[in-house]
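To start, the structure under review is shown below, and the notes come after it.
The values are calculated or read from the model by the stated rules, or taken from the named source; none is laboratory data. What you are looking at is a predicted structure, and each value in this text was computed from that prediction instead of being measured. Cβ: placed from backbone, ideal geometry, glycine included. Neighbour counts: every protein chain shown.
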Amino acid sequence: MCELLALSANTPTDLCFSFHGLRRRGGATADHGDGWGLACFNVDGQGVRLYREEAPAAFSPVAAEVATLPLKAHCSIAHIRKATRGKVALENCHPFLRRFHGQDWVFAHNGHLEGSSDLDGAYQPVGDTDSEAAFCWILQELDRAGVDPEDRAGLHRDLVRLCAVLAQRGTFNGLLSNGQWLFVYATTRLHVLTRQAPFSHARLADDDLTVDFSELAGPDDVVTIVSTEPLTTNEAWRPLRSGEALWVVRGQVIDP
């Protein structure tokens, strides 16, 4: 299946180190070579920078260049794909982007869902993946429930409910964000790590690369990383439980 990656931070932060490790798994250290994508929300809250390609990330010059760009954001989501449903094509690469109540929402999924969602509303898939269909179904059901996107507690409650319904169809590990918050839902493999002072070295699992975050981060910086598998070998990643949901705002895992 695919692999997921997300970042939430209290100060604009780039995903270079983590994305470099992730893209190595896109055909080099793992077989997720059917496409990749990276979405970074603009710091001013207006718009998303979205990069996608239907090529193995490990061998893509575009992905290599993106991994060096200082794409600083409060929230970013990345994905490498191993196709299980839908052909290898650009329209099937995650993350997926939709406008919802005047906001840009970004979604990425790892798993396999049986059956197809009953889509008869305004949100229709462009590609033919079960992941994009699930995203459209979530937006449709939020609309039907009359959810106010600014009601974080109500939104979190409905997202947990809808993700649990999707998880009954198979495997649903999902990341969703509007740039203000990051919602995470796990059924099988997801790990979380929060970096904050005192910062130290981090060593990638998939390449010979080490970064000393004490030289890069400020004393008040807080960064939470979510990844399918731990990206580093010397940090305390916590596996999420099946059915566990996280609500992350500016690097902090909170109760909405």
**Asked** Only one residue in Thr187, Thr194 is under 26 Å from Ser18 (Cβ atoms), in contact with a strand residue (DSSP E or B) (Cβ under 8 Å, 6 or more places away or on another chain), surrounded by fewer than 21 Cβ atoms within 10 Å (Cβ to Cβ) and hydroxyl-bearing (Ser, Thr, Tyr). Which one?
**Response** Thr194
**Request:** Answer yes or no: is there a residue in the stretch 220-237 that is more than 14 Å from the chain's Cα centre (by Cα), exposed (fewer than 13 other Cβ atoms within 10 Å of the Cβ), closer than 30 Å to Cys163 by Cβ and aliphatic (A, V, I, L, M).
**Result:** yes
**Item:** the stretch 204-219, subset in a strand (DSSP E or B) and not charged (D, E, K, R), residue surrounded by the fewest Cβ atoms within 10 Å (Cβ to Cβ)
**Value:** Thr210
**Message:** If Ala30 meets every condition in (1) modelled with pLDDT under 95; (2) in contact with a strand residue (DSSP E or B) (Cβ under 8 Å, 6 or more places away or on another chain); (3) farther than 23 Å from Ile225 by Cβ apart from one, which number is that one?
**Reply:** (3)
**Request:** Identify, from the list Gly243, Gly174, the residue that is modelled with pLDDT of 95 or more, not in a loop (DSSP other than H, G, I, E, B) and not hydrophobic (A, V, I, L, M, F, W, C).
**Result:** Gly174
**Asked** surrounded by fewer than 18 Cβ atoms within 10 Å (Cβ to Cβ), within 30 Å of Thr29 (Cβ to Cβ) and touching a helix residue (DSSP H, G or I) at 6+ places or on another chain (Cβ under 7 Å): does that describe Gly174?
**Response** no
**Prompt:** If you check Arg195 against the conditions, is it within 15 Å of Gly251 (Cβ to Cβ), of a type in the set (Lys, Arg) and in a strand (DSSP E or B)?
**Reply:** yes
**Asked** Do we have any residue at all in the stretch 30-43 that's closer than 25 Å to Thr233 by Cβ, assigned to a strand (DSSP E or B) and under 16 Å from the mean Cα position of the chain (by Cα)?
**Response** yes
**Single match in Arg81, Arg85 (criterion: among the charged types (D, E, K, R) and touching a Phe, Trp or Tyr at 6+ places or on another chain (Cβ under 8 Å))** = Arg81
